[in-house]
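**Q** This is the structure, below, for whatever I ask next.
The values are calculated or read from the model by the stated rules, or taken from the named source; none is laboratory data. The structure displayed is predicted, hence computed values, not measured ones. Note that each Cβ is placed from the backbone with ideal geometry, even for glycine, and that neighbours are counted across all protein chains shown.
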Amino acid sequence: MKGFLPAILTVLLLAACGSPSEPGPPPVGEGGAEGPAATATLSVFGTVPPEMLPEQDNVLDPLPTEYVVPAEVLTTEQLHERLNPIGATLCRLPCYGGLTPSPEAELADAVAFYSQIGIEVTNLIPGDYDEARDGTGHLRAWLTTTTDPQRASELGLIAPLVDVFLRDNAVRSIYVGWQYLPPYFSVEQIVAEYGTPDTVEVAFTLAEEEAAFALNLIYAESVDGAFGFGFGGLTDLQEAAVCIDDDHVGLAYLGSFAEGEAPLANIYPTSMDMRSTVDSLGVTPAEAVDTLADGCLAVSAEQLDLWRPAEDGD
């Protein structure tokens, strides 16, 4: 499965527009190989060639005093405790890490949010802060500042990527992406915390060498949040099984959204045709999560045909 992940994931949202500041990008690929050189861009969703990157000044302008927020110093375990949205003691979705996407949440609030997960403004992806200072833009960071990076490596925990998006000086969404399935991200845990999702969406790519699925649990009406799992490899193109476990999930993400924002908008390329399980599989959200909590969701050849490219002349 991992062999084809980078090719698929490069086209997804959250691709960073600049390489992260020191320490460098987290290890990627088989066996924890080192990330690309600083001239390339690594994201949770793949690597962008240097020639495709815009030119930018990586030197920050002087910061307003109110935005100079010292970051907390965290171990790997402490960081993941704060990233865990299940049983969170600070707040529940749509609030995440003390930040709730809303017209009341401003740039200073986004900076304060990052400080409590170990990130200062100078740790953000270069160019992001300067672009967002007018109130619109992305603030993104690799969470690479823990005090025990060797411990993270031993646990196989590639640093997550966080993206806080602002528009008109208001935080509109928060995304977190992991290149693995976090232990606190099972369907059973999510449903126990947040109940049955309002919508379950699924999609498939069926190219022979890159067959994969994506699945979203969307809580748009209840908590303005969503959980996504994706790009587990499919070995059978005639029928499929969607399984949310370590062997089948190469990407997991969380989204929190301000009221009125489309959940997980633009996460996938337009070619990735997300459909509700009700419309595509005849499976309700309750039935889908009940099945996924302790097994796999079966998809027949006829159902997979919904995602097959039309033959010439059809």
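**Q** Which numbered condition trips up Ile119, out of (1) assigned to a loop (DSSP other than H, G, I, E, B); (2) closer than 18 Å to Ala252 by Cβ?
**A** (2)
**Q** What number of residues in region 166-198 are part of a loop (DSSP other than H, G, I, E, B), within 20 Å of Gly156 (Cβ to Cβ) and touching a residue at least 40 places away in the same chain (Cβ under 8 Å)?
**A** Number of matching residues: 7.
**Q** Can you tell me which residue in region 77-102 is surrounded by the fewest Cβ atoms within 10 Å (Cβ to Cβ), limited to those that are more than 25 Å from Asp168 (Cβ to Cβ) and among the small types (Gly, Ala, Ser)?
**A** Filtering first and then ranking leaves Gly87.
**Q** Same structure, new question: Is there a residue in region 188-208 that is modelled with pLDDT under 90 and within 20 Å of Ala288 (Cβ to Cβ)?
**A** yes
**Q** With the condition kept exactly as written, say whether any residue in region 126-148 is of a type in the set (A, V, I, L, M) and in a helix (DSSP H, G or I).
**A** Yes: one or more hits.
**Q** Has region 158-174 got at least one residue that is more than 17 Å from the chain's Cα centre (by Cα), under 29 Å from Cys243 (Cβ atoms) and basic (Lys, Arg)?
**A** no
**Q** Cβ-Cβ distance below 6 Å, separation of 6 or more or different chains: which pairs start in region 114-143 with a residue that is under 20 Å from Cys95 (Cα atoms) and in contact (Cβ under 8 Å) with a residue 12 or more places away in the chain and end on one that is among the β-branched types (Val, Ile, Thr) and outside any helix (DSSP H, G or I)?
**A** Ser115/Val69; Gly118/Thr145; Leu139/Val164; Arg140/Ile125; Ala141/Ile119; Ala141/Val162
**Q** From the list Ala141, Ala152, Ala105, Ala71, which residue is among the small types (Gly, Ala, Ser), buried (at least 17 other Cβ atoms within 10 Å of the Cβ), in contact with a helix residue (DSSP H, G or I) (Cβ under 6 Å, 6 or more places away or on another chain) and under 23 Å from Asp224 (Cα atoms)?
**A** Exactly one of Ala141, Ala152, Ala105, Ala71 is among the small types (Gly, Ala, Ser), buried (at least 17 other Cβ atoms within 10 Å of the Cβ), in contact with a helix residue (DSSP H, G or I) (Cβ under 6 Å, 6 or more places away or on another chain) and under 23 Å from Asp224 (Cα atoms), namely Ala141.
**Q** Quick one: count up the residues across region 217-232 that are within 15 Å of the chain's Cα centre (by Cα) and modelled with pLDDT of 85 or more.
**A** Qualifying residue count for the region: 7.
**Q** Scan Ala141, Ala110, Ala105 and give me the residue that is over 20 Å from the mean Cα position of the chain (by Cα) and under 27 Å from Gly260 (Cβ atoms).
**A** Exactly one residue qualifies, and that residue is Ala105.
**Q** Going through Val200, Val171 one at a time, which residue ends up being more than 21 Å from Gly98 (Cα to Cα) and β-branched (Val, Ile, Thr)?
**A** When all the criteria are applied, what remains is Val200.
**Q** Whether any residue in region 79-95 is at pLDDT 70 or above, among the acidic types (Asp, Glu) and not in a loop (DSSP other than H, G, I, E, B) is what I want to check.
**A** Yes.
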